[in-house]
Each structure stands twice: as structure tokens, then as C-alpha cells.
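Okay, structure first, notes after.
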Amino acid sequence: MSHPSIDSELLRSFIAIADHGSFTRAANAVNRTQSAVSMQMKRLEDDVLKRPLFERDGRGVQLTAEGQVLLGYARRILKLQGEVFNTLRQPHMVGAVKIGTPDDYVMRFLPGILAQFAQAYPLVQVEVHCEPSTQLLQRQDLDLTIVSREPGNEIGQLLRQERFVWAQARGHNVHECNPLPLAMFNAGCFCRAWACNALDARERAYRVAYTSPSLSAILAVVSAGLAITAQMESIITPDLEIIGPEQGLPELPLTSIVLLRNPRSQSPVTETLAAQIAEGFRL
């Protein structure tokens, strides 16, 4: 029995809607108009699968039970397509790619991603530039850029959302200091602004005691029991403990990690690395 085929572009748009919860934001992520994405999903629901995939409400869309089933298959199908493309069509890719990323993502996510990419494509030169998100957004020379954004202000491809948390050295009670000493990234980092604004709203006295553009330096200061910090949950090291309302600290919002592509430098090299970055951030 034959079945209709599913265009990979339909699956790509479907996954973008599931990830972003909105046809509008998904359209931006896949570089299509909202009407084009809507037509794609109508075709997928009515002509190809003949099943409802979305439940629409005033704030966005949710997947139906059938949509949840399709989502798992869609991710696997596109991943397998990418592997076939990489293995058979471009086993000897050459070239160079420039990545921009904040320092904190380098420690947590990039080692595994770059190691896998280097093993598959040893002739591709990867140049990594580490700067705060605000500076990276101003650069025009990068092929791929990974930045932090506030929820609701995502641009590009959403890679991951994470809790933003307070942390201090285990065995220390730095949170009891008054004023509270902070170790944060340099001024201009919106995560630093989040932390300070949250403390201001709570009327909690604090001082930014240590600043650095380097996550390693910030974590070293915190590990020594000299200050607390606010960072993504996944980069909190084992020698630190997460603290929060129980220690009198305000809740912090989620942070969104997004991937931006430079439209002037699209190539098989950049697209292949972009796919591996997306996969690495989902793990």
C-alpha cells in the first residue's frame, strides 16, 4: 500500500511552530511569510495526513495528540535526512565558518558539537568568536551566531529555553551578606540587568563586586565564596548550589538561546554546522 510523501519543508515548518508556539514566530524562523506557513500546515493537515495537528487559542497554538506523535517522527526524519546528505553527498566538505557565541555556551555546549563536526569534516576551518550577546548582534561578519534573548523576543531559530538561576559556593552562606555581593558579566549583558532589576524590585541591597566577560572568571570567584551569581541552570558547576526564594532571592525568568544565520554567507558548510548546533543544544 502506497502512502503520500511528506515534503521536508512541511516538516521543518511544523517543527518551528511546535518549538515557537506561534505561526508568526515560526514563519520568521524558517524565513517564510505567515500566510505561506499557514498554507503549508493546511496542506499537511488536510491533504497529506488528514488529521488535525494544532489546537488554536488566543495566545498561540498547541499540538494535538496526533501533532505530538508527528513531532517525534518529524525530528527523526529531518535528522536522518541530514545524516544521509552529510554522509553521501558531501563527505569531503572544505571551507571556513565563523561562529559567534557568548562565553558561557562555549563551556557547556560547543565542545561536543565542534568535536563531532571536526571528526566528520576535518577540512573545514571553524573560527569561534566569544562576545556578549549584545555585541554579537551588532556584527555583520559572522556566519552563525548564538545569542541569548528574552522570552517573547526570540529571533532566528530557537535552540533551547532554560531557567536563569542564582548560585553560590557549597558550604557558604554568601546570600546572607548585606549588601549582597554579585559576580556578573560586564555592563550591557541583559542577564545582569535581569538580576539587578529583580533585586531592586525586592528592595534587596546588593553590590556588583566582581565583573568579567569570562564565565570561567565569574565561576572562580563564586566558587571561592566571594559572591553569588545568576546564570543559566545548565552551566552551574557541581561545586556550586542553586539558591532562590528559600534564601530570600527573587525568582528569575527563562532565557531563550537562539541561532542566527547570516543570509549573505549561506553554504552547505554553514547549514551542516547549524544542524549540528541545533541538535547539540537539544541534548
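The values are calculated or read from the model by the stated rules, or taken from the named source; none is laboratory data. As the structure is a computational prediction, the values presented were derived from the model and not from experiment. As a convention, Cβ positions derive from the backbone with ideal geometry for all residues, glycine included, and neighbour counts pool all protein chains shown.
Looking only at residues that are part of a helix (DSSP H, G or I) and of a type in the set (A, V, I, L, M) in segment 96-118, which one is nearest to Q276 (Cα to Cα)?
Filtering segment 96-118 for residues part of a helix (DSSP H, G or I) gives 103-108, 110-118.
Checking which are of a type in the set (A, V, I, L, M) leaves us with 106-107, 110, 113-115, 118.
Details: V106: 15, M107: 17, L110: 10, I113: 6, L114: 9, A115: 11, A118: 11 Å.
In this case the residue turns out to be I113.
Restricting attention to segment 216-236, the residues that are surrounded by fewer than 21 Cβ atoms within 10 Å (Cβ to Cβ), within 27 Å of L144 (Cα to Cα) and among the polar types (S, T, N, Q) total 2. Confirm whether E246 is surrounded by fewer than 16 Cβ atoms within 10 Å (Cβ to Cβ) and either under 13 Å from R160 (Cα atoms) or under 21 Å from the mean Cα position of the chain (by Cα) (or both). Spelling it out, it is not the case that E246 is surrounded by fewer than 16 Cβ atoms within 10 Å (Cβ to Cβ) and either under 13 Å from R160 (Cα atoms) or under 21 Å from the mean Cα position of the chain (by Cα) (or both). When P253 is tested against (1) modelled with pLDDT of 90 or more; (2) surrounded by fewer than 19 Cβ atoms within 10 Å (Cβ to Cβ); (3) touching a strand residue (DSSP E or B) at 6+ places or on another chain (Cβ under 9 Å), exactly one condition is not met: (1).
Restricting segment 141-163 to residues that are at pLDDT 90 or above and farther than 17 Å from A29 by Cβ leaves a set whose member that is surrounded by the fewest Cβ atoms within 10 Å (Cβ to Cβ) is D141.
Assigned by TED's automatic domain parsing to the domain that holds I243 and surrounded by fewer than 18 Cβ atoms within 10 Å (Cβ to Cβ), is that true of R207? Break it down stepwise before answering.
On the way: assigned by TED's automatic domain parsing to the domain that holds I243: yes; surrounded by fewer than 18 Cβ atoms within 10 Å (Cβ to Cβ): yes.
Judged against the criteria, R207 is a match.
Taking the criterion of being in contact with a strand residue (DSSP E or B) (Cβ under 8 Å, 6 or more places away or on another chain) and either part of a strand (DSSP E or B) or among the β-branched types (V, I, T) (or both), the residues of segment 222-239 that qualify are V222, I228, T229, A230, Q231, M232, I236. Condition check for M93 on (1) part of a helix (DSSP H, G or I); (2) more than 18 Å from the chain's Cα centre (by Cα); (3) modelled with pLDDT under 90: one failure, at (1). The single condition among (1) free of Cβ contacts under 8 Å to residues at least 24 places away in the same chain; (2) outside any helix (DSSP H, G or I) that S38 does not meet is (2). Identification of strands (runs of 3 or more DSSP E) wholly contained in segment 119-221 with 2 or more residues that are under 19 Å from the mean Cα position of the chain (by Cα) yields 124-130, 144-149, 157-169.
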